[in-house]
1. Just checking, how many residues over segment A:285-330 are small (Gly, Ala, Ser), within 13 Å of chain B (Cβ to nearest Cβ) and surrounded by fewer than 24 Cβ atoms within 10 Å (Cβ to Cβ)?
2. Name the residues in segment B:87-102 that are of a type outside the set (Lys, Arg) and either assigned to a loop (DSSP other than H, G, I, E, B) or closer than 15 Å to B:Pro10 by Cβ (or both), would you?
3. I'm checking my understanding of the structure. Among residues of segment A:268-284 that are touching a Ser or Thr at 6+ places or on another chain (Cβ under 7 Å) and aliphatic (A, V, I, L, M), which one is nearest to the other protein chains (Cβ to nearest Cβ)?
4. Among the residues of segment A:343-356, write down those that are more than 15 Å from A:Ile290 (Cα to Cα) and either in contact with a Gly (Cβ under 6 Å, 6 or more places away or on another chain) or surrounded by fewer than 18 Cβ atoms within 10 Å (Cβ to Cβ) (or both).
5. Considering only residues that are in contact with a Phe, Trp or Tyr (Cβ under 9 Å, 6 or more places away or on another chain) and more than 8 Å from chain A (Cβ to nearest Cβ), which ones fall in segment B:40-57?
6. If you check B:Ser79 against the conditions, is it loosely packed, with under 11 Cβ neighbours inside 10 Å, hydroxyl-bearing (Ser, Thr, Tyr) and either more than 30 Å from A:Gly267 (Cα to Cα) or away from every other protein chain (no Cβ under 14 Å) (or both)?
7. Considering only residues that are of a type in the set (S, T, N, Q) and crowded, with 16+ Cβ neighbours inside 10 Å, look in segment A:73-104 and name the one that is farthest from A:Lys149 (Cα to Cα).
Amino acid sequence: MNPGTTAWLLVSAAMVLFMTPGLAFFYGGMDRSRNVLNMLMMNFWCVLIVPIVWALLGYSLAFGGRGSFIGNLDFAFLRNMDITGDGGSRLLVLVYLGMFAAITPALISGAIADRMKFSAWAIFVPVWSLLVYTPVVFWIYGGIGSDGKNALTGWLGSRGSLDFAGGTAIHVNAGIAALAAALVVGKRKGWPREGHPPHSMPLVMIGTGILWFGWFGFNAGSALAADGVAVQAFANTFFAAAAGGLVWCLVERIKDGHVTNLGAASGIVAGLVAITPAAGYVAQMSAIWIGAAAGLVCAFAVSIKFKRGFDDSLDVVGVHFVGGLVGSLLIGLFAQPGALGQKNAEGLFYGGGTFLLREQFIANAVTIAFSFTMTFLILKAIDAAIGVRVSEEDEESGLDISQHAETSYNFGEVTMGRN
Amino acid sequence: MKLITAIIKPFKLDDVKSALKSMGVVGLTVSEVRGFGRQGGHTETYRGTEYQVDFLPKVKIEAVVDDADAPDVVDTIVSAANTDKIGDGKVWVTSVDEVVRIRTGERGADAV
């Protein structure tokens, strides 16, 4: 494996790992002060349990073999890892993709903030990772040829749909799972009558900064090489996020009268989500349009939950699901392989007709139906077994104290003594 | 003895404290409080959702003084805390039956 690529993927992997704490702060700041630690722990739990699940089974089931629907056990328990082989370092790719596996269920936590039992979440994460994330990843990216390189035998990927860094596999998948989770776990006490404004916007902005930084590793690393496609994905990530944040701010200024920090942060994340599937398939001006479209659509999509009455507390559906879908479908218009040295089909605007648009639609429709149904069933099963919801009293006193026996902010002297 | 209680705008605390010190008030207690009067609250907007904040942050000052000093203390607070804008707050005076200094056990006016 060439040294440049090895170095870039090592750095990218660490950057993607950093996104999970970034997401934790992004969500944690939006939470009320008595539930912040629960939100952080739900996210950190994902970087504890998922890497182990990924090493034991996840990676192998998501990539191994040459099937259409699910991988094999060639790489289970970290077998058959080569470190520096000609086909690329399997161990490095496994580690890099493990970071993606870890952050994907973490995205869902925003929809069920302030009311889910931690024990239920702790079980949900590894089960969801194996039963939902792993098969979807195989359908889109899976399959390894006899030469040890990626062979794209999964039934969605081999049909021709595109997903550069995980717009469908990660954001649409986790976004629709978040909707199912919000429906099963139910509304927060008092929602929507009571206000639940963010307790710390500075935390949200720190989280946004970490996410944006890490996202360069997420998207540009997904080139799996230190080459021109990585540069293109890096630039697209930069421009789409800026365009998304800018457009959301403009929408707010016109609609509500002020430019807000939460609007800027949400627009940046919406732009990042939307460019994720497209990052290595579109050229830079297209990235600006895709980011801007996501900022515009998501700024309105976050109000759907009030009209439809589901408590997606921190707008995982409005930002990740809708943003991911916007980006993924727009590939059908903007894909421009000739300009990027890629071999996929062209989008509608570049002479490819409607083929790609149709395949993008199919891949997302399948992922939505599968992920929603499976997530709903998994959570219903956990609910029947141990319950997914904290008691009313625990919700009132806050999940920090009731689930973790900790509090976020201990100011002053009159706090506690040792038992 | 009188207990003077004043609710003022937080950014006026320094002015009020300096004015009271220079007129010889030797101690006061300050708390951060929230409340509303005729000013009402304000609205905040997060992702397009408006939240009404009814209780605005204010500072409460309490000082126990001699009966004879009370009118001057009230006047000093009123002039130092005044911005001529709505929401400047209020000052009120309460009679105090007894005061004890904990360290010495002194009682009444000597303890103030």
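1. First, pick out the residues of segment A:285-330 that are small (Gly, Ala, Ser): A:286-287, A:291-295, A:299, A:301, A:303, A:309, A:313, A:318, A:323-324, A:327-328.
Okay, now just the ones that are also within 13 Å of chain B (Cβ to nearest Cβ), so A:295, A:299, A:301, A:303, A:313, A:318.
Restricting the remaining residues to those that are surrounded by fewer than 24 Cβ atoms within 10 Å (Cβ to Cβ) gives A:301, A:303.
Here the count works out to 2.
2. Across segment B:87-102, the qualifying residues are B:Gly87, B:Asp88, B:Gly89, B:Val96, B:Asp97, B:Glu98, B:Val99, B:Ile102.
3. Across segment A:268-284, the extreme among qualifying residues is A:Val269.
4. Keep residues of segment A:343-356 that are more than 15 Å from A:Ile290 (Cα to Cα), which gives A:343-346, A:350-356.
Hits for segment A:343-356 are A:Lys343, A:Ala345, A:Glu346, A:Gly351, A:Gly353, A:Thr354, A:Phe355, A:Leu356.
5. Within segment B:40-57, B:Gly41, B:Thr43, B:Asp54, B:Phe55, B:Leu56 meet the criteria.
6. no
7. In the first step, residues of segment A:73-104 are kept if they are of a type in the set (S, T, N, Q); the result is A:80, A:84, A:89, A:104.
Those left that are additionally crowded, with 16+ Cβ neighbours inside 10 Å: A:89, A:104.
Values: A:Ser89: 10, A:Thr104: 24 Å.
For segment A:73-104, the residue satisfying everything is A:Thr104.
This table checks each residue for (1) under 14 Å from A:Leu329 (Cβ atoms); (2) modelled with pLDDT of 95 or more; (3) surrounded by 13 or more Cβ atoms within 10 Å (Cβ to Cβ); (4) over 19 Å from the mean Cα position of the chain (by Cα).
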| residue | (1), (2), (3), (4) |
| --- | --- |
| A:Arg358 | yes, yes, yes, yes |
| A:Ala363 | yes, yes, yes, no |
| A:Phe376 | no, yes, yes, no |
| A:Asp383 | no, yes, yes, yes |
| A:Ile386 | no, yes, no, yes |
| A:Leu399 | no, yes, yes, yes |
| A:Ser402 | no, yes, yes, yes |
| A:Ser408 | no, no, yes, yes |
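The values are calculated or read from the model by the stated rules, or taken from the named source; none is laboratory data. Small disclaimer: the values here were computed from a predicted structure and weren't measured. Note that we place each Cβ from the backbone using ideal geometry, even for glycine, and neighbour counts take in every protein chain shown.
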